[in-house]
Amino acid sequence: MATAKKRSRGVAVPAKTKAKAAGQPRRPAAPPASLRQQAYDKIRFAIVTFGLKPGDVVSETQLVNRFGIGIAAVRAALIRLAQEGLVIPRRRHGHVIAPITVQDIREISFLRSCIEPAAAELATGRVDIALLKRLDRQSSSPVDAADPRSEARSLQGNRDFHVAIAEATGNARLLALTQQLHDLSFRCQYLLRHTETLGERWASSHTEIIAAFESGDPARARAAMVRHIADGQEAVMRVLLDRPEIQGATVVAGT
């Protein structure tokens, strides 16, 4: 028995137990994937619909209180949103909601103009035209001004329209890049929907693309996509220049 007691004294104590005994704070356990996704969805929705405005500084505690989500889930969401460029971490000063800048619009539009016309050409004869028409109806359907989520569903239809074209090419990398670019430009689409003079024109902007696919002409589909992206860039730039506050404060990552 004495030997057994001596051996028990030599058993290593886990680091976590030591920290607890010493009264040291422990990191919160990683939240379940479902909670991380909920936190991401709620914060991202607030960002893209300007509930959290460009240039706003937010802390983890503020987000926990605002959305009723645990701090571990909020932290995981912020890491993901930072990777997507929607928030900018600032050391010891929380996170800044990323501004929308003229350079952002130019860079996103340039990349889209490089890959989406080629995607339209490759997708001709492959893409599900009935699906595109359904998504176009979703993107141009009337929305309830008092319900931001109805508008988000409409904007999601626009994103999914372009993603469906990329998916039809069978090129997984092209698809992933298209998804990323449209996620980044989601806030820009929201801005356009809140500009009355552009609303009707923007709602019907897929018509030419669909007609090109119906004709079965790859060159026509490419040209229609080129015009669509150029028109979109021009419209967003006009709105952005008229709303300088949207560009937010100048922030530097890590400061």
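The values are calculated or read from the model by the stated rules, or taken from the named source; none is laboratory data. All values derive from a computational prediction rather than experimental measurement. All Cβ positions, glycine included, derive from the backbone under ideal geometry; neighbour counts span all protein chains shown.
Annotation: of all residues in segment 203-255 being modelled with pLDDT under 90 and in contact with a Gly (Cβ under 7 Å, 6 or more places away or on another chain), the one that is farthest from Glu116 (Cα to Cα) is Ala249.
Among the residues making up segment 83-104, none is of a type outside the set (A, V, I, L, M, F, W, C), crowded, with 19+ Cβ neighbours inside 10 Å and under 12 Å from the mean Cα position of the chain (by Cα). Scanning segment 136-148 for residues that are assigned to a helix (DSSP H, G or I) and without any contact (Cβ under 8 Å) to a residue 40 or more places away in the chain, we see that the one that is farthest from the chain's Cα centre (by Cα) is Arg137. I'd like to know if segment 64-81 contains one or more residues that are surrounded by fewer than 19 Cβ atoms within 10 Å (Cβ to Cβ), in contact (Cβ under 8 Å) with a residue 60 or more places away in the chain and either acidic (Asp, Glu) or outside any loop (DSSP other than H, G, I, E, B) (or both). Within segment 64-81 (the criterion being surrounded by fewer than 19 Cβ atoms within 10 Å (Cβ to Cβ), in contact (Cβ under 8 Å) with a residue 60 or more places away in the chain and either acidic (Asp, Glu) or outside any loop (DSSP other than H, G, I, E, B) (or both)), the answer is no, since none of the residues qualifies.
Here Asn158 passes the criteria (1) surrounded by fewer than 20 Cβ atoms within 10 Å (Cβ to Cβ); (2) in the same structural domain as Asp242 (by TED's automatic domain parsing); (3) modelled with pLDDT under 95 except the one numbered (1). Once segment 49-63 is narrowed to residues that are surrounded by fewer than 17 Cβ atoms within 10 Å (Cβ to Cβ) and among the hydroxyl-bearing types (Ser, Thr, Tyr), the residue that is nearest to the chain's Cα centre (by Cα) is Ser59. May I ask you to verify whether Arg80 is charged (D, E, K, R), closer than 29 Å to His228 by Cα and at pLDDT 80 or above? No, not satisfied. Output the residue which, of all residues in segment 82-130 that are part of a loop (DSSP other than H, G, I, E, B) and charged (D, E, K, R), is farthest from Ala33 (Cα to Cα). Restricting to residues being part of a loop (DSSP other than H, G, I, E, B) and charged (D, E, K, R), the top hit is Arg126.
Please work out if Ser109 is hydroxyl-bearing (Ser, Thr, Tyr), surrounded by 20 or more Cβ atoms within 10 Å (Cβ to Cβ) and at pLDDT 90 or above. So Ser109 passes the test.
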